[in-house]
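To keep things clear, I will list the structure first and then write my remarks on it.
Where a number appears in this text, it was derived from the coordinates with a stated rule and is not lab data. This one's a predicted model, so the numbers in the text were calculated from it and none came from an experiment. With ideal geometry, Cβ positions are generated from the backbone for all residues, glycine too; neighbour counts draw on all protein chains shown.
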Amino acid sequence: MSKADIVIVGGGIVGCSIAYHLAHTGLAGEVVVIERDASYEHAATPRSNGGIRRLFSLPENIEMASYGLDFYRDFPGQMAVDGEPADIGFRRQGYLFVSDAGGAEQMERNFALQRDMGVDVELLSPSALGSRFPSVSTKGVDLAVLSANDAWIDPHAALLGFRRKARSLGVIFEEAEVQAFVADDTAARFVRCNDGQEIHADIFVNACGAWCAALAATVGLALPVEPMSRESYYLRCEDDLESLPFIKTETDLAFRPEGQGYVGGLPDWTEKPGWNFEVSPRYFEDVVWPALAHRIPAMERIRLERTWRGHYARSALDRSPILGRAGGRLDNLILANGFSGHGIMHAPATGRALSELIVHGAYRSIDLSCFGYARVRRNRPYAEMGIV
Ligand SMILES: Cc1cc2nc3c(=O)[nH]c(=O)nc-3n(C[C@H](O)[C@H](O)[C@H](O)COP(=O)(O)OP(=O)(O)OC[C@H]3O[C@@H](n4cnc5c(N)ncnc54)[C@H](O)[C@@H]3O)c2cc1C
């Protein structure tokens with residue numbers, strides 16, 4: 001049996017950001033992260049697209065992503081260890097949302113809020129879109145919004161950067177699988193690991209990505225979070241295109257430049273929740289490629305180089321994260337779950353906010369109580385409107 005002040009279960013980008021932010025306060029005591037697989041083979045973080053954008057309808061999402069954007073811009077220096085910078089390939093090449101399925105009014109409402117919150121967004125008519133990005137077809141487009149200073153990063157490098165920095169600040173990483181949280185009538189008391197260890201603590205954090213619900217269930221907590229398999233592609237286009245932003249459309253295309261090619265996907269909404277790492281033999285040819293070529297005609301001439309799958313931790317209630325105390329007798333269990341497709345951009349703000357909650361007993365920088373578990377208990381969704 002061992003004892004720590006804070007135990008974080010799950011050492012993906014969310015768990016590592018919380019660990020870093022806690023250690024950075026200098027007030028958290030001993031922090032232990034328990035991660036079962038230091039290679040992160042199946043974790044969502046290294047399989048994601050690494051996009052950071054402020055194109056949201058909920059003010060809290062805009063605030064969180066704004067913090068994330070600044071944080072990742074400064075990451076190499078802030079996360080340097082022994083003078084060695086932590087390069088994460090931060091690339092400020094913008095985000096473009098395209099309304100091509102009747103959501104232009106919502107897009108305009110979101111645009112007004114984003115602008116009022118200081119995001120440098122620009123509304124583009126179809127003809128303005130065509131002149132700005134000649135390779136993008138304006139067929140069926142009603143409106144677009146460009147957030148030119150949004151960015152993307154290499155998410156795996158960011159995860160490793162957080163981890164290395166957290167370790168340098170004294171955070172302990174244990175390689176083990178947590179099988180259960182164990183609680184009594186008044187609080188969560190310890191975690192039981194597959195290697196027989198029992199680690200006691202004052203505070204526990206569930207940062208298990210798409211695996212979070214199974215672990216929460218070990219103390220009778222129902223988390224409406226499910227794994228949703230998403231197929232991703234890396235492809236090369238035979239033509240040279242202008243410098244493109246990260247493009248997302250209402251018809252669900254999501255692609256951005258990566259190296260000499262492009263990375264992204266188009267979700268298959270017929271896919272049932274659950275674990276699926278098998279790539280589909282036909283989905284790219286039948287669905288994704290035609291959709292991509294419809295929006296960017298030069299994409300008729302491509303070479304598909306790689307296909308892989310990763311899983312969203314989809315928050316089934318409203319696709320918004322579930323953050324903060326679990327409540328009741330589990331008040332010392334902190335949730336950092338259900339990030340759906342936003343966990344990379346939201347990891348820094350989540351780490352900062354939850355470390356405030358743990359160390360100071362309340363949110364100080366951004367009030368994230370709207371994402372608390374209370375809304376789940378009351379079945380009150382707090383959802384994004386427009387492109388998610
Ligand atoms: C295809 C795709 C594209 C995406 N694109 C973007 C994007 O552009 N921008 C963005 O912001 N987000 C994006 N996301 C979402 C983002 O990847 C996730 O929200 C984020 O990585 C979640 O981080 P995490 O740390 O919660 O989960 P993970 O990275 O999955 O880490 C969870 C960790 O917990 C560990 N774990 C689980 N159970 C246990 C246990 N019982 N004991 C010990 N360890 C355990 C796992 O091994 C894992 O390492 C995308 C996701 C996918 C799948």
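What size of dipole, in debye to the nearest 20, comes out for segment 88-177 about its Cα centre when the only charges are +1 on Lys and Arg C-beta atoms and -1 on Asp and Glu C-beta atoms?
Numbers: 10 positive and 12 negative charges, 83 e Å.
Dipole about the Cα centre, nearest 20: 400 debye.
For Lys272, go through the lysines and keep the ones whose alpha-carbon is under 23 Å away, minus same-chain ones fewer than eight residues off.
Within the straight-line cut-off, Lys272 pairs with Lys248.
Taking the inverse of the average 1/r across all pairs of different Cα atoms in segment 155-225, what Kirkwood radius in Å do you get?
Values: mean 1/r = 0.0727 Å⁻¹.
One decimal place: 13.8 Å for the Kirkwood radius.
Below 15 Å, Cα to Cα, which aspartates and glutamates can Lys139 reach? Residues fewer than 8 away in the same chain don't count.
Here the aspartates and glutamates satisfying the reach criterion relative to Lys139 are Asp100, Glu250.
Would you mind ranking His21, His42 by Cβ crowding within 10 Å, fewest neighbours first?
Values: His21 25, His42 17.
Result, fewest neighbours first: His42, His21.
Taking only the alpha carbons of segment 85-173, what extent do you get along each of the three principal axes, in Å, biggest first?
Over segment 85-173, Cα extents along the principal axes are 53, 29, 21 Å.
Please give the charge dipole size of the chain, origin at the Cα centre, charges +1 on K and R Cβ atoms and -1 on D and E Cβ atoms. Round to the nearest 20 debye.
In debye, rounded to 20, the chain gives about 420.
Over segment 29-133, how many percent of alpha carbon pairs lie in each 10 Å bin up to the one with the longest distance?
11, 30, 33, 17, 8, 1
Using Cβ-Cβ distances only, list the Cys residues of the chain with no partner cysteine under 4.7 Å, sorted by number.
Cys16, Cys193, Cys237, Cys370
Mind listing the long-range amide H neighbours of Ala183? Cut-off is under 5 Å, sequence gap 5 or more, other chains count too, H placed in the peptide plane at 1.01 Å from N.
Answer set, sorted by chain and number: Arg189.
For every helix of n ≥ 4 consecutive DSSP H residues, a contribution of -39,500 (n - 2.57) applies; sum these over the chain, divide by its total residues, and give [θ] at 222 nm rounded to the nearest 500 deg cm²/dmol.
Numbers: 10 runs with 102 residues, N = 388.
So the calculated ellipticity at 222 nm is -8000 deg cm²/dmol.
Using Cβ contacts closer than 10 Å as the measure, can you line up His24, His342 from fewest to most?
Working: His24 16, His342 25.
Taking fewest neighbouring Cβ atoms as first place, the list is His24, His342.
Compute the signed sum of charges (Lys and Arg +1, Asp and Glu -1) over the other residues within less than 11 Å, Cβ to Cβ, of His42.
With Lys, Arg at +1 and Asp, Glu at -1, the neighbours total +1.
Which percent of Cα-Cα pairs in the chain sits in each 10 Å bin, short to long?
5, 24, 33, 24, 11, 3, 0
To make sure I understand, if each residue's beta carbon is the centre and we count other beta carbons within 10 Å, what order do His346, His156, His311 fall in, fewest to most? The partial results should precede the final answer.
Details: His346 27, His156 18, His311 23.
Ordered from fewest to most neighbouring Cβ atoms within 10 Å, His346, His156, His311 come out as His156, His311, His346.
Applying 1/(1 + (r/R0)^6) with R0 = 35 Å to the Cβ-Cβ distance of Glu41 and Ala383, what FRET efficiency is obtained, to the nearest 0.05? Mind dumping the intermediate values first?
Numbers: r = 32 Å, r/R0 = 0.91.
It comes out at approximately 0.65.
Sorting check: for 377-386, 120-129, which peptide has the highest mean count of neighbouring beta carbons within 10 Å, and how do the rest follow? Mind dumping the intermediate values first?
Details: 377-386: 13.2, 120-129: 16.6.
Output ranking for 377-386, 120-129: 120-129, 377-386.
How do 353-365, 73-85 rank on mean C-beta neighbours within 10 Å, highest first?
Per-residue mean Cβ counts within 10 Å order the peptides as 353-365, 73-85.
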